[in-house]
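Q: Following this message is one structure expressed as structure tokens.
The values are calculated or read from the model by the stated rules, or taken from the named source; none is laboratory data. Just so we're clear, the structure is a prediction, and the values are computed from it rather than from any experiment. Cβ coordinates were reconstructed from backbone atoms using ideal geometry, including for glycine residues, and neighbour counts include every protein chain displayed. For the accessible areas, the whole protein counts, side chains as well, though only heavy atoms, and no ligand, DNA or RNA atoms are used. Shrake-Rupley method; radii C 1.70, N 1.55, O 1.52, S 1.80 Å.
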Amino acid sequence: MELRDVRFLEGLKASLENRRVDWKEDISPQEIMELIQMSDIHNVVPMIYEAIYELPVMGKLHSGLAIQLRRGVIQSIAMQAMKTEEFQQLYTQLCEDGLKPCVVKGIICRNLYPNPDARMSWDEDILIPWDSFPQAHAAMLSHDMVLSDPKVNLEQDYEIPYGKMGSPIYIELHKSLFPPKSEAYGNLNDFFKDIHDRLVTEEIQGTTFYTMNPTDHLFYLICHSFKHFLHSGFGLRQVCDINLYANAYGSQIKWDEVLEKCQEIRADLFAASMFRIGEKYLTFNPEKACYPEEWSSIEVDENAMLEDLLESGVYGQSDMSRKHSSNITLNAVIADKRGKKAKAGIASSIFLPVRSLEGRFPYLKKYPFLLPFAWVQRIWIYRKETAKNQSGNNAAESIKIGNQRVELMKIYGIIK
């Protein structure tokens with residue numbers, strides 16, 4: 001692990017413990033900027049800044065950079081506070097309209113941090129039953145929310161995004177937690193079919209929210225990260241969420257039930273590695289979380305997972321090459337589910353089925369018989385990218401990353 005990565009983990013832990021780092025060694029302004037860049041990739045700049053701003057080296061930064069960094073952090077925290085306040089108001093209105101929206105992740109996880117507004121969230125996720133969507137959609141529009149994507153299919157799409165004119169608030173209204181048509185992980189919805197019958201309430205900053213019970217919510221947080229891992233990764237911020245949630249609700253979590261479900265989807269080693277990383281580098285406390293022997297005794301090497309997390313950035317978006325590598329990993333997962341050998345390479349990432357290419361080539365939704373034409377387009381795109389050898393967006397690099405991550409999935413027993 002590089003020194004930058006070590007410092008990043010130490011800064012993240014200090015932030016979670018609401019303290020400043022205590023580094024004694026000399027650190028150069030260049031090293032600080034590399035740390036900030038790493039934090040930006042993981043979308044935790046305000047958290048890291050809170051842990052390092054008292055270091056003597058911060059006074060040695062170029063005045064323009066120092067001012068820009070501090071201003072950016074203040075603005076990010078203020079923006080998050082504004083989004084949270086608006087979401088609380090909207091949520092209260094939706095409940096007054098007779099809805100029972102289930103809040104997942106977002107404000108529930110942020111509330112676990114020493115400074116919730118320093119843990120930024122791009123959006124808020126609300127889950128409602130499919131048959132409640134017409135009422136929920138009408139309520140959203142009545143409270144000045146507008147569709148963020150005018151091309152969205154209100155009847156068929158499983159999540160509908162909303163924004164608000166002149167406001168930073170962004171809501172994803174879910175009819176299901178995962179895309180039902182996904183062959184790679186659509187089956188995860190089966191574990192949450194009756195979720196609306198076992199919701200609990202939680203009060204945050206004076207607002208009462210409906211949310212999942214601790215056992216369901218922890219398992220969902222694992223599933224959510226697992227889904228992104230099957231794509232191109234998910235970063236350290238989600239590990240923080242999972243570990244903090246386990247620390248806070250451990251005594252109420254049915255750990256045996258979570259383990260059984262993780263084993264069913266082949267995510268037991270995956271989940272155990274996150275708790276191992278949390279215990280070793282972050283703030284996971286097995287005693288506080290009531291972490292049982294059946295979990296702690298799982299033999300798993302967390303190092304390969306940690307390396308992937310550090311490189312991936314938030315939701316695997318550290319660069320375009322990594323994002324594009326998801327074509328290979330998802331294809332490997334689907335092949336494994338079909339009882340076939342997972343393949344990697346150019347062919348497996350180009351010759352994908354219609355369902356996997358509809359997002360990139362929308363015309364396939366209406367004209368699926370044009371799939372061979374889409375394949376030709378993908379070949380042309382790969383040739384152009386490889387020829388240009390663009391930094392951070394290279395087809396050859398995508399294939400390399402994809403192949404490496406397929407092997408990683410084998411290490412953690414996700415595919416054979």
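Q: Please express the shape of segment 1-40 as an equivalent ellipsoid: the semi-axes are the square roots of 5 times the eigenvalues of the C-alpha gyration tensor, given largest first in whole angstrom. Spell out each step's value before the answer.
A: On the way: eigenvalues 50, 29, 18 Å².
Those come to 16, 12, 10 Å.
Q: Antiparallel versus total DSSP beta bridges in segment 74-197: what percent is that, nearest 5? Spell out each step's value before the answer.
A: Details: 11 of 15 bridges.
For segment 74-197, the DSSP antiparallel bridge percentage is about 75.
Q: Report the residue, chosen from H217, H137, H324, that carries the largest GNM mean-square fluctuation when the chain is represented by alpha-carbon nodes joined by springs under 10 Å.
A: In this elastic network of the chain, the residue with the biggest mean-square fluctuation among H217, H137, H324 is H137.
Q: Ok, one more. So which of K151/K254; K164/K280; K105/K410; K151/K323 end up more than 32 Å apart by C-alpha?
A: K151/K254; K164/K280
Q: Take every DSSP beta bridge whose two residues both sit in the chain, then give the antiparallel share in percent to the nearest 5.
A: Working: 16 of 22 bridges.
Of those bridges, close to 75 percent are antiparallel.
Q: Here's something else I'd like to know. Using only C-alpha positions, report the orientation-averaged shadow area of the convex hull of segment 131-170, nm², one decimal.
A: Working: hull surface 11.4 nm².
Convex hull of Cα atoms, orientation-averaged projection: 2.9 nm².
Q: From the phi angles alone, apply the Karplus equation (6.51, -1.76, 1.60; θ = phi - 60°) to segment 238-251 and give each ³J(HN,Hα) in whole Hz, x where the residue is Gly or Pro.
A: 5, 5, 4, 4, 5, 5, 5, 5, 5, 4, 6, 10, x, 5
Q: Are there trypsin sites (Lys or Arg not before Pro) in segment 1-42 that DSSP puts in a loop and that have at most 11 other Cβ atoms within 10 Å, and which ones?
A: On the way: sites: R4, R7, K13, R19, R20, K24; in loops: R19, R20, K24.
Sites meeting the loop and neighbour criteria: K24.
Q: Sticking with the crude label model, points 7 Å out along Cα→Cβ, report the distance from W130 to N213 in nm, one decimal please.
A: Here the modelled spin labels are 2.5 nm apart.
Q: Suppose a student asked you for the relative contact order of segment 1-125, using Cα pairs under 8 Å spaced at least 6 residues apart; what percent would you report? Don't skip to the answer; put the middle values down first.
A: Working: 101 pairs, mean separation 33.3, N = 125.
Dividing the mean separation by the residue count of segment 1-125 yields 27 percent.
Q: Stretched out fully, how many nm does the piece from D256 to A304 gain, at 0.36 nm a residue minus the Cα gap?
A: Working: separation 48, 0.36 × 48 = 17.28 nm, distance 2.55 nm.
Roughly 14.7 nm would be gained on extension.
Q: Let me know the charge dipole size of the chain about its Cα centre in debye, to the nearest 20, where only the beta-carbon of Lys, Arg (+1) and Asp, Glu (-1) is charged. Walk me through the intermediate numbers first.
A: Numbers: 47 positive and 56 negative charges, 369 e Å.
The dipole magnitude comes to about 1780 debye.
Q: If you don't mind, there's one more thing I want to ask. Solvent-accessible area per residue for segment 161-212 at a 1.4 Å probe radius, Å²?
A: Details: 2340 Å² over 52 residues.
Result: 45 Å² per residue.
Q: On the protein heavy atoms, probe 1.4 angstrom, tell me the percent of accessible surface of the chain carried by carbon and sulfur.
A: For the chain, the apolar C and S fraction of the accessible surface comes to 50 percent.
Q: Cα to Cα, under 28 Å, and not fewer than 8 places away if on the same chain: which lysines meet these conditions relative to K60?
A: Once the sequence-local lysines are set aside, what remains near K60 is K13, K24.
Q: Another question about this same structure. Between beta-carbons, use under 9 Å as the cut-off and find the net charge around Y170, counting Lys and Arg +1, Asp and Glu -1. Spell out each step's value before the answer.
A: Numbers: positive: K83, K164; negative: D123, E124, E172.
So the surrounding residues net to -1.
Q: With 32 Å as the limit, write out which pairs from K227/K365; K175/K366; K83/K416; K261/K288 have Cα-Cα distances beyond it, or answer none.
A: Working: K227/K365 23 Å; K175/K366 23 Å; K83/K416 43 Å; K261/K288 22 Å.
Beyond 32 Å between Cα atoms: K83/K416.
Q: Enumerate by residue number the trypsin sites (Lys or Arg not before Pro) in segment 109-179 meeting two conditions: DSSP loop (anything except H, G, I, E, B), and at most 13 other Cβ atoms within 10 Å of the site's Cβ.
A: Numbers: sites: R110, R119, K151, K164, K175; in loops: R119, K151, K175.
Here the sparse-neighbourhood loop sites are K151.
Q: Report the semi-axes of the equivalent ellipsoid for the chain in whole Å, largest first, where each axis is √(5λ) for an eigenvalue λ of the Cα gyration tensor.
A: Details: eigenvalues 193, 166, 118 Å².
Whole-Å semi-axes of the equivalent ellipsoid: 31, 29, 24.
Q: Which of Y249, Y220, Y363 ends up with the largest GNM mean-square fluctuation for the chain, with Cα atoms connected below 10 Å?
A: Sorting by GNM fluctuation, first place goes to Y363.
Q: For segment 1-139, what does the accessible surface come to per residue with a 1.4 Å probe? Please give it in Å². Before the final figure, lay out the partial values.
A: Numbers: 6640 Å² over 139 residues.
The answer is 48 Å² per residue.
Q: Could you please state, rounded to a whole Å, how far the C-alpha centre of segment 218-268 is from the C-alpha centre of segment 139-160?
A: With segment 218-268 and segment 139-160 each reduced to a Cα centre, they are spaced 29 Å.
Q: Here's another thing I want to ask about it. Considering only protein heavy atoms, with the full assembly of protein chains and a 1.4 angstrom probe, order W122, W130, W255 by accessible area, largest first. Don't skip to the end; give the middle numbers.
A: On the way: W122 180, W130 110, W255 15 Å².
Largest to smallest exposure gives the sequence W122, W130, W255.
Q: Positive end of the charge dipole of the chain (Lys, Arg +1 and Asp, Glu -1 on Cβ, about the Cα centre): tell me which of F8, L154, T215 has its Cα farthest that way.
A: Among F8, L154, T215, the one farthest towards the positive end of the dipole of the chain is L154.
Q: For the chain, modelled as a Gaussian network with Cα springs under 10 Å, which listed residue fluctuates most, I328, I265, I401?
A: I265
Q: Another question, then. Quick query: amide H of F209 versus all other amide H atoms, modeled in the peptide plane; which residues come in under 5 Å with a sequence gap of 5 or more or a different chain?
A: Amide H to amide H, under 5 Å and 5 or more residues apart or across chains, F209 pairs with E202, E203, I204.
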